[in-house]
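Single-structure report; data block below.
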Amino acid sequence: QVQLVESGGGLVQTGGSLRLSCAASGSTNNIAAMGWYRQAPGNQREVVAQIRRDGDTNYADSVKGRFTISRNNAKNIVYLQMNSLKPEDTAVYYCNAFTIIRPYWGQGTQVTVSA
């Protein structure tokens, strides 16, 4: 079992920045990759960024150059630094941990970007 706890969401103006954190606990040695997804009202959940255990990353085209995913392996924490935020970034952001058995999800944190 893996438990994920997110923090760092909130309300920010267009052009502002936020940093999300996701702390993993439990069977963290089984985690092959972690990522951030988001879901806006009426939309499907979509991938934002992912980071593998070897540090390889990938991003959705809509956030490339603005968001950065990183991880502290010693503390089992994954971060999502979000800069130059836009109203269309408004969504609930979910942390994800991918293992060979199943994916795990955090409870979600709201990010709201005002125009």
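The values are calculated or read from the model by the stated rules, or taken from the named source; none is laboratory data. It should be emphasised that the depicted structure is a prediction, and the values quoted were computed from it without experimental measurement. Glycine gets a Cβ as well: all are built from the backbone with ideal geometry, and neighbour counts include every protein chain shown. Please note that ligands, DNA and RNA were not included when accessible areas were found on the heavy atoms of the full protein model with its side chains. Shrake-Rupley method; radii C 1.70, N 1.55, O 1.52, S 1.80 Å.
Hey, can you tell me all the residues within region 64-115 that are aromatic (Phe, Trp, Tyr) and in contact (Cβ under 8 Å) with a residue 60 or more places away in the chain?
Tyr79, Tyr93, Tyr94, Phe98, Tyr104, Trp105
Scan region 48-75 residue by residue and report those that are open to solvent by 50 Å² or more (accessible area, probe 1.4 Å) and in contact with a helix residue (DSSP H, G or I) (Cβ under 8 Å, 6 or more places away or on another chain).
If the condition is that a residue be open to solvent by 50 Å² or more (accessible area, probe 1.4 Å) and in contact with a helix residue (DSSP H, G or I) (Cβ under 8 Å, 6 or more places away or on another chain), then Ser62 is the only one that fits.
Please indicate, with yes or no, whether at least one residue in region 32-39 is touching an Asp or Glu at 6+ places or on another chain (Cβ under 7 Å), of a type in the set (A, V, I, L, M, F, W, C) and over 23 Å from Ser114 (Cβ atoms).
Taking every residue of region 32-39 in turn, none turns out to be touching an Asp or Glu at 6+ places or on another chain (Cβ under 7 Å), of a type in the set (A, V, I, L, M, F, W, C) and over 23 Å from Ser114 (Cβ atoms).
For region 76-115, name all the residues that are of a type in the set (A, V, I, L, M, F, W, C), farther than 18 Å from Glu6 by Cα and surrounded by fewer than 18 Cβ atoms within 10 Å (Cβ to Cβ).
Ile100, Ile101, Ala115
Residues of region 2-14 being open to solvent by 50 Å² or more (accessible area, probe 1.4 Å), out of contact with any Pro (no Cβ under 8 Å at 6 or more places or on another chain) and more than 12 Å from Gly108 (Cβ to Cβ), which ones?
Matches in region 2-14: Gln3, Leu11, Gln13.
Out of region 29-47, which residues are loosely packed, with under 14 Cβ neighbours inside 10 Å and within 14 Å of Asn96 (Cβ to Cβ)?
Once the filter is applied, which keeps residues that are loosely packed, with under 14 Cβ neighbours inside 10 Å and within 14 Å of Asn96 (Cβ to Cβ), region 29-47 yields Ala32, Glu46.
Can you pull out every residue in region 52-88 that is of a type in the set (Asp, Glu) and either under 23 Å from Asn30 (Cα atoms) or in a loop (DSSP other than H, G, I, E, B) (or both)?
Asp54, Asp56, Asp61
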